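Taken together, the values in this text are just the output of simple stated rules run on the coordinates, not laboratory data. Quick caveat: nothing in here was measured; it's all calculated off a predicted structure. Heads up, the Cβs are rebuilt from the backbone with ideal geometry, glycines too, and the neighbour counts pull from every protein chain shown.
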Amino acid sequence: MPTEGAVTPERAVLADKDVRGLKYLRHLLPLFASTAGKEKPDEPTSGYQREGGNYRWAFPDGMEIVLAEGWQQQVEHAGPGGKINLAAQALTHNDAEGAFSPDGKCICYTSKDGDNLDVYVMPLHTQIVHGPGALTNHANYAHLLPGKPIRITTAPGYDGGPFFSPDGKRLVFRSDRKSNNLLQIFVADLAFDTDGNITGLKAEHQITDDANVNWGPYWHPDGKHIIYATSKHGHTNYELYLMHDDGSHQTRITYSPGADVLPVFSPDGKYLMWTSKRSKDQTSQVFIANFELPK
């Protein structure tokens with residue numbers, strides 16, 4: 001979701017067709033997951049999926065978290081109809097579903113180790129490079145380097161899709177802890193050292209526990225509410241719900257036939273953006289609406 005002053009590039013300039021979860025820093029640095037150059041034609045297209053339902057989330061081998069530094073200059077030099085490779089700077093390996101912390105000093109993401117997927121946090125270190133380079137024409141520029149990964153979840157099964165809370169002290173994510181194909185939503189309290197660096201997990205809270213698939217959670221900017229998609233009304237009619245950060249006061253937000261999923265808020269909380277199949281052709285399209293918290 002773009003922050004203040006962000007300019008979203010056209011998808012056409014992305015050379016990689018397998019892009020997941022485009023996020024932005026205040027400095028307009030796209031962060032996404034990609035298999036660029038590591039595709040396997042015979043690899044199954046389904047990753048996590050609910051048996052008998054239409055929930056699928058691909059997580060192919062070779063997926064990497066990529067930071068596209070210098071993308072503005074590359075777009076300018078490419079010219080009309082030109083193609084560029086934004087997937088040249090991998091921060092991680094065999095990982096996906098990444099997002100920045102509010103201060104841009106860390107990323108959270110999902111890492112795959114065999115059949116187990118867990119949530120990690122990684123600090124990003126700034127290196128000042130003197131003189132123009134391949135990524136920028138500026139005389140001096142800041143280059144971000146990956147730090148040591150910090151494991152947050154350790155339970156067997158799938159933990160993924162994490163996002164930092166607005167204050168950077170918690171994570172919200174989805175999990176299949178019971179291995180019953182029913183994703184549930186968890187909140188992790190992060191542990192910090194005396195210098196304010198994340199060291200691991202302090203506490204974990206399961207905030208949904210029902211017979212539905214609950215996924216795609218995202219924080220409201222007030223840090224007190226979480227929006228998510230649920231199969232409560234059927235696996236072909238996912239709807240968006242809002243709840244308090246302890247799982248209480250669940251309130252339905254969307255009411256249209258077809259799946260409504262992957263919600264995000266604007267930084268000021270005035271707008272909600274999500275993916276929906278409510279159009280006549282039932283294709284996945286992006287919608288945006290004015291938003292006010294329920295009374």
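Report, in listed order, any pair from LYS270/LYS295; LYS105/LYS270; LYS178/LYS224 with a Cα-Cα distance greater than 18 Å. As for pairs spanning more than 18 Å Cα to Cα, those are LYS105/LYS270; LYS178/LYS224. Listed by chain and number, the lysines whose alpha-carbon sits under 27 Å from that of LYS277, ignoring those within fewer than 8 places in the same chain, are LYS17, LYS23, LYS232.
How much net charge surrounds LEU190 when only the other residues with a Cβ under 15 Å from the Cβ of LEU190 are counted, with Lys and Arg +1 and Asp and Glu -1? With Lys, Arg at +1 and Asp, Glu at -1, the net is -4.
What is the calculated FRET efficiency for ASN116 to HIS235, with r their C-beta to C-beta distance and R₀ = 35 Å, to the nearest 0.05? Can you show the working numbers first?
Working: r = 25 Å, r/R0 = 0.72.
Rounded to the nearest 0.05, the efficiency is 0.90.
Loop-resident chymotrypsin sites (Phe, Trp or Tyr not before Pro) (DSSP state other than H, G, I, E or B) in the stretch 195-272 with no more than 12 further Cβ atoms inside 10 Å of their Cβ: TYR255.
Normalising the average separation of contacting C-alpha pairs (under 8 angstrom, six or more residues apart) by the number of residues puts the relative contact order of the stretch 231-283 at 26 percent. Length gained on full extension, GLN72 to ASP209, computed as 0.36 nm times the residue gap minus the Cα-Cα distance: 44.9 nm.
Report the FRET efficiency, 1/(1 + (r/R0)^6), for VAL286 and ARG252, where r is their Cβ-Cβ distance and R0 is 25 Å, rounded to 0.05. Spell out each step's value before the answer.
On the way: r = 21 Å, r/R0 = 0.82.
The value I calculate is 0.75.
Normalising by the residue count of the stretch 137-295, find the relative contact order in percent from Cα pairs under 8 Å and 6+ residues apart. Each step should come with its number before you reach the end.
Details: 349 pairs, mean separation 20.6, N = 159.
This gives 13 percent for the stretch 137-295.
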